[in-house]
2 protein chains.
Amino acid sequence: MLSALGLARRLAAGELDAAAVIDLCAAAIAEREAEIGAFAMLDIDAARDGATRAAAALAATPLAGLPVGIKDIIDTADLPTEYGSAVYRGHRPRTDAAVVSMVRRAGGLILGKTVTTEFAFRQAAHTRNPVNPAHTPGGSSSGSAAAVAAGMVPIALGTQTGGSVIRPAAYCGVAGFKPSYKLIPTVGVKCFSWHLDTVGLFAADVADVAFAAAAITGRDLRVDGSAPATPRLALLRDHLWPQASAAMQQAVESAARTAANAGARVEELTPPPILEEAWRAHAIIRDYEACRALAFELDRHRDRLSPVLRDLLDAAAAITPEAYDAARRTTRVARRALAELMDDCDALLTPAAPGAAPHGLASTGSPVFNHLWTLMGSPVVNVPGLTDAKGLPLGVQVIGRFGRDRAALEAARFVEGALAPALGNAVAAR
Amino acid sequence: MLSALGLARRLAAGELDAAAVIDLCAAAIAEREAEIGAFAMLDIDAARDGATRAAAALAATPLAGLPVGIKDIIDTADLPTEYGSAVYRGHRPRTDAAVVSMVRRAGGLILGKTVTTEFAFRQAAHTRNPVNPAHTPGGSSSGSAAAVAAGMVPIALGTQTGGSVIRPAAYCGVAGFKPSYKLIPTVGVKCFSWHLDTVGLFAADVADVAFAAAAITGRDLRVDGSAPATPRLALLRDHLWPQASAAMQQAVESAARTAANAGARVEELTPPPILEEAWRAHAIIRDYEACRALAFELDRHRDRLSPVLRDLLDAAAAITPEAYDAARRTTRVARRALAELMDDCDALLTPAAPGAAPHGLASTGSPVFNHLWTLMGSPVVNVPGLTDAKGLPLGVQVIGRFGRDRAALEAARFVEGALAPALGNAVAAR
């Protein structure tokens with residue numbers, strides 16, 4: 001994988017220039033893209049032009065010309081944006097999404113658009129998991145996770161409405177960061193559910209993804225400067241815990257144990273029942289809003305929607321405003337309960353997914369372990385590093401408090417670092 | 001003016017058909033549009049085609065084929081959408097905004113796009129006030145308010161980020177309704193500030209605007225069925241009160257007195273200081289978000305922005321994430337304080353604007369009386385009916401509790417009805 005921080009340091013030291021970084025990406029793409037299918041659209045030449053034309057100006061920016069992959073649910077004025085849907089074949093938006101402008105302002109170069117499932121919902125696309133191409137990379141940010149995992153790009157943008165950043169990051173063994181709700185604007189991102197859609201990021205490890213988030217948002221989110229503070233963690237075995245595979249349960253327990261051995265305070269917390277109620281409310285809010293957000297597509301292009309989406313939207317028409325309002329009220333109560341639960345705690349540890357990436361490409365896997373945290377608006381990080389017996393990645397989900405994104409990233413970095421010696425990789429020493 | 005409810009009743013009774021309603025609009029447009037300039041784009045023929053082609057199906061819908069004007073900040077796939085900006089000259093979105101689909105599903109016919117100021121900010125457009133064309137209609141939903149006031153259309157959609165629904169409604173003497181934040185989706189509405197932008201409605205009087213909101217959202221918002229419940233009201237003389245003209249102060253006081261005489265409990269409330277702090281936070285949130293939401297326009301089309309907008313966006317680049325986060329925290333605290341303040345109260349009464357519509361078209365007037373309530377996400381209604389010595393409308397702003405939109409509309413209808421006998425109009429008897 002390409003480390004964003006490692007590349008940024010070599011760019012700053014003059015060991016590399018931005019065009020050479022593009023060449024690294026191009027080499028990985030030439031080697032693996034035909035098999036993996038991470039990109040919906042590539043424009044390596046434009047990125048290379050950008051790297052050479054504005055070399056001096058780029059050097060002064062936070063991203064210093066690092067290439068970025070943009071999930072194809074996010075509008076770009078210079079590249080087609082098809083939302084993974086036949087309805088938008090060849091669509092060219094008039095305007096860049098806000099986050100695309102933020103990437104450009106930070107000195108990032110857009111390398112291409114990464115594959116999304118149809119409107120970032122469930123209908124799987126063709127992307128394969130770089131760790132084992134017989135397996136799904138997860139979804140809906142399939143291409144972004146796979147592109148980072150295959151070393152094709154150091155940074156990629158995704159979005160999460162259910163579990164579309166954390167799950168593919170977990171399946172592909174990369175760091176994924178879903179910030180607090182609205183930390184990154186969704187302006188120009190095709191909407192599925194306005195109370196849930198969240199822009200997130202992928203990079204090689206936690207310090208890389210924090211670096212990218214800091215550069216793009218201009219916020220104090222980096223966690224690479226010094227050893228992370230010792231966090232107060234809690235293992236959360238909620239009602240979904242029995243749905244996690246034995247390997248996944250062991251992975252989360254081992255992350256908790258290893259963090260404790262490294263000095264973290266680790267307790268076990270029992271979630272109040274309102275959180276399970278809120279978990280159930282997620283689908284009501286998502287579907288009620290999708291029925292309106294995608295009304296034009298359903299009403300005018302019904303036959304060009306996948307059956308799974310069409311069925312969802314048809315069923316959603318029966319959700320009453322009263323049921324929706326009740327789900328929103330449950331959400332508000334649950335947010336307060338979660339804030340109380342985490343009053344003395346920096347982050348929760350849970351499975352990022354039920355297990356490793358499922359075999360085959362028919363399903364992108366299950367987001368049930370991610371729904372609640374998207375609804376709560378919590379900052380969430382996938383900590384990569386652990387694998388199952390077959391070598392497939394197992395992600396640990398680190399959930400912070402709303403608005404405390406840096407603390408969530410720092411806790412995730414601590415967990416990642418604690419796991420590293422056991423894994424023999426170099427994360428802790430970075 | 002064309003009453004939406006009155007027309008709906010005549011349609012239901014078979015006294016009119018949808019094509020005849022289009023003819024009423026077309027006649028008013030033929031008579032006044034050249035002078036008023038309410039529309040950015042008209043397609044009367046398409047609306048008439050819609051009325052005749054689907055007459056039977058329309059009859060069964062809540063809007064029964066009533067014509068609707070759509071502010072040109074809201075995307076329409078069948079009509080150009082220019083956001084009042086030279087940057088988007090001739091722009092034709094690929095997709096209808098969610099609320100446009102909701103209008104169509106409800107059986108509304110899109111008559112045209114109404115004039116907006118540039119990106120719904122301050123740069124005035126050419127629309128004139130139908131009550132007195134030497135005066136501004138207000139902004140940014142200039143065309144929607146003017147089109148309803150001139151009897152060109154019974155229902156029009158607007159948006160409010162500062163005071164862009166309530167102020168033009170007040171200046172033009174029509175009912176304006178800014179629902180609770182996110183009650184109507186902003187998907188497909190050009191974004192200025194994602195925490196503030198709110199879709200609202202204009203119609204002839206409060207019962208009409210409630211009818212339209214109910215039809216479009218599918219919610220129980222109508223207040224025309226029976227006499228409105230007697231509300232608990234509060235007159236709020238906050239720090240802005242001295243900025244209201246003497247005539248405006250008298251209008252609000254007279255509305256309070258008249259409502260009390262009609263049986264309402266009317267008290268006086270003193271706002272806690274946090275509300276004034278929140279009022280100041282509005283601009284920080286708006287500008288920080290606009291700097292990102294309009295990043296593409298600023299970075300790529302700088303020279304085609306108005307100086308007032310360019311200056312705002314340039315200055316906004318200096319707002320730090322810390323200042324923005326502090327403004328958001330102030331907002332959350334203020335929302336709780338407002339909920340407590342209104343614990344025993346259905347609605348507050350304040351001026352809808354500093355006074356009547358200013359003379360001339362250079363300025364769209366001041367939204368200072370509206371900023372706080374947009375930030376609080378409160379449902380707000382402009383109650384029309386009162387006028388100053390020159391016959392220019394003076395609006396009374398009725399502010400409800402978040403999520404209690406029906407109660408806000410009912411309180412507004414009560415105030416409107418209480419004022420009606422004094423005014424000698426027929427509102428109370430409708």
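The values are calculated or read from the model by the stated rules, or taken from the named source; none is laboratory data. The structure presented is a predicted model; accordingly, all values stated were derived computationally and were not measured. Cβ coordinates were reconstructed from backbone atoms using ideal geometry, including for glycine residues, and neighbour counts include every protein chain displayed.
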So which of A:173, A:112, A:162 is crowded, with 24+ Cβ neighbours inside 10 Å, more than 23 Å from residue A:33 (Cα to Cα), outside the structural domain of residue A:305 (by TED's automatic domain parsing) and not polar (S, T, N, Q)?
A:162
Contact list please: Cβ distance under 6 Å, first residue in the stretch A:303-327 and not assigned by TED's automatic domain parsing to the domain that holds residue A:117, second residue at pLDDT 95 or above and surrounded by fewer than 14 Cβ atoms within 10 Å (Cβ to Cβ), pairs at least six apart or on different chains.
A:304/A:86
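With the structure loaded, tell me whether residue B:166 is farther than 27 Å from residue A:93 by Cβ and touching a residue at least 60 places away in the same chain (Cβ under 8 Å) or whether it fails that test.
Considered against the rule, which asks whether it is farther than 27 Å from residue A:93 by Cβ and touching a residue at least 60 places away in the same chain (Cβ under 8 Å), residue B:166 comes out as yes.
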Scanning the stretch B:84-102 for residues that are within 13 Å of another protein chain (Cβ to nearest Cβ) and buried (at least 24 other Cβ atoms within 10 Å of the Cβ), which turns out nearest to residue B:301 (Cα to Cα)?
B:85
Could you grab me the full set of residues in the stretch A:130-145 that are crowded, with 24+ Cβ neighbours inside 10 Å and over 27 Å from residue A:311 (Cβ atoms)?
A:130
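Only helices (runs of 4 or more DSSP H) wholly contained in the stretch B:236-311 count here; list those with 1 or more residues that are among the charged types (D, E, K, R) and away from every other protein chain (no Cβ under 14 Å). First the steps, then the outcome.
Values: elements: B:246-261, B:273-293, B:295-301.
Because the criterion is at least 1 residues that are among the charged types (D, E, K, R) and away from every other protein chain (no Cβ under 14 Å), the helices (runs of 4 or more DSSP H) in the stretch B:236-311 that meet it are B:246-261, B:273-293.
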Conditions (1) away from chain B (no Cβ under 14 Å); (2) assigned to a helix (DSSP H, G or I); (3) surrounded by 22 or more Cβ atoms within 10 Å (Cβ to Cβ); number of the one not met by residue A:233
(2)
Among the numbered criteria (1) among the small types (Gly, Ala, Ser); (2) surrounded by fewer than 17 Cβ atoms within 10 Å (Cβ to Cβ); (3) touching a Ser or Thr at 6+ places or on another chain (Cβ under 8 Å), which one does residue B:227 miss?
(3)
As an exercise: evaluate residue A:115 against (1) more than 12 Å from chain B (Cβ to nearest Cβ); (2) closer than 19 Å to residue A:301 by Cα; (3) within 17 Å of the chain's Cα centre (by Cα) and give the number of the one condition it does not meet.
(2)
Got a sec? Which helices (runs of 4 or more DSSP H) wholly within the stretch A:1-102 have at least 2 residues that are modelled with pLDDT under 95?
A:44-53, A:55-59
